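Structure, as structure tokens:
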Amino acid sequence: MSLRKASKVAGITQADLAARLDVTQTFVSKCERGERRLDVKELRSWCMAIGVSNSSNRCGREPGSVS
């Protein structure tokens, strides 16, 4: 599931997520569009902020993608 889709399923807006992560809404938008990559620590924080596990294809990868 993509980060954008996971946030949407969780009912969290970009502004809400930005506040939870203490980043700008622009940062969240760029990450969702793939203009900025997240490192492992950022991905873990992002997944925790939207309430999903970052393992087992639940956050940050599309099904069928290579890890």
From the residues in the stretch 1-21 that are of a type in the set (Gly, Ala, Ser) and in contact with a helix residue (DSSP H, G or I) (Cβ under 6 Å, 6 or more places away or on another chain), which one is farthest from Ser53 (Cα to Cα)?
Ala15
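Would you pick out the residues in the stretch 22-42 that are of a type in the set (A, V, I, L, M, F, W, C), over 17 Å from Ser53 (Cβ atoms) and over 10 Å from the mean Cα position of the chain (by Cα)?
Val23, Phe27, listed by residue number.
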Enumerate the helices (runs of 4 or more DSSP H) found wholly within the stretch 1-56, keeping only those where 3 or more residues are in contact (Cβ under 8 Å) with a residue 24 or more places away in the chain and of a type outside the set (D, E, K, R).
3-9, 40-50
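Rundown of residues vs (1) surrounded by 12 or more Cβ atoms within 10 Å (Cβ to Cβ); (2) modelled with pLDDT of 95 or more, yes/no style:
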position	(1), (2)
Ser7	yes, no
Leu17	yes, yes
Val23	yes, yes
Gly51	yes, no
Glu62	no, no
Ser67	no, no
Keeping to the stretch 31-54, report how many residues are among the charged types (D, E, K, R) and closer than 16 Å to Lys8 by Cα.
2
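The values are calculated or read from the model by the stated rules, or taken from the named source; none is laboratory data. In this text, all values refer to a predicted model and were calculated from it rather than measured experimentally. A quick note on method: Cβ atoms are made from the backbone with ideal geometry, for glycine too, and the neighbour counts reach across all protein chains shown.
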